[in-house]
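Each remark here refers to the structure printed beneath this line.
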Amino acid sequence: MTTETVNEKYGEREIAEGELITFPNPRLGRKYNVEITLPEFTCKCPFSGYPDFATIYLNYVPNEKVVELKALKLYINSYRDRYISHEESINQILDDFVTAADPLDITIKGDFQPRGNVHTTVEVHHQKEG
């Protein structure tokens, strides 16, 4: 047995440490839209423990900062073992994104795969005041 099979893999460490990293907006003062699709979101139902699968649609207008995409991917992957409802997961992603990037405008939509004949879509929006 190798050390790598006993210890946590480097990808698992990166996911566990996943945080939203930003960099300066390269076009400060220009309003433009960034659309990101994350088709492999997973989390676990807090009641049953069954896995939930969703596509996350993130649409934002940067202010002074832009979110780095690899960091966003790792952050989203950090939800895979988290027991969290559809509603709370999308609201938490919004809160964390607003804290990290302070966008002028952002909408996040979670389109969850049907489970037990139920299809759920959760959409949240935030607009910077002022």
Checklist line | Among (1) out of contact with any strand residue (DSSP E or B) (no Cβ under 6 Å at 6 or more places or on another chain); (2) farther than 20 Å from GLU40 by Cα; (3) in a strand (DSSP E or B) - the single one GLU129 does not satisfy | finding: (3)
Check: surrounded by 13 or more Cβ atoms within 10 Å (Cβ to Cβ), closer than 28 Å to PRO26 by Cβ and either at pLDDT 95 or above or among the charged types (D, E, K, R) (or both) - does that describe any residue in the stretch 112-119?
Finding: no
Notebook entry, point to check: What pairs can you find where one residue is in the stretch 44-63 and touching a residue at least 24 places away in the same chain (Cβ under 8 Å) and within 12 Å of GLY110 (Cα to Cα), the other is exposed (fewer than 14 other Cβ atoms within 10 Å of the Cβ) and hydroxyl-bearing (Ser, Thr, Tyr), and their Cβ atoms are less than 6 Å apart, with a gap of 6+ or different chains?
Noted result: TYR57/THR37
Next item on the list: Look through the stretch 25-36, keep the residues that are surrounded by 10 or more Cβ atoms within 10 Å (Cβ to Cβ) and touching a Leu at 6+ places or on another chain (Cβ under 9 Å), and return whichever of them is farthest from ASN77 (Cα to Cα).
Entry: LYS31
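Let's see how each residue does on (1) small (Gly, Ala, Ser); (2) outside any loop (DSSP other than H, G, I, E, B); (3) without any contact (Cβ under 8 Å) to a residue 40 or more places away in the chain:
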| site | (1), (2), (3) |
| --- | --- |
| GLY11 | yes, yes, yes |
| GLU14 | no, yes, no |
| LEU38 | no, yes, yes |
| THR42 | no, yes, yes |
| PHE97 | no, yes, no |
| LYS109 | no, yes, no |
Margin query: Which count do you get for residues in the stretch 62-92 that are surrounded by 15 or more Cβ atoms within 10 Å (Cβ to Cβ), in a strand (DSSP E or B) and more than 13 Å from the chain's Cα centre (by Cα)?
Written below: 2
Note to self: Checking the structure you have, find out if any residue of the stretch 68-77 is touching a Ser or Thr at 6+ places or on another chain (Cβ under 9 Å), under 18 Å from THR120 (Cα atoms) and either touching a residue at least 40 places away in the same chain (Cβ under 8 Å) or not aromatic (Phe, Trp, Tyr) (or both).
What the structure shows: no
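The values are calculated or read from the model by the stated rules, or taken from the named source; none is laboratory data. Everything quoted here is computed from the prediction, not taken from an experiment. Cβ coordinates were reconstructed from backbone atoms using ideal geometry, including for glycine residues, and neighbour counts include every protein chain displayed.
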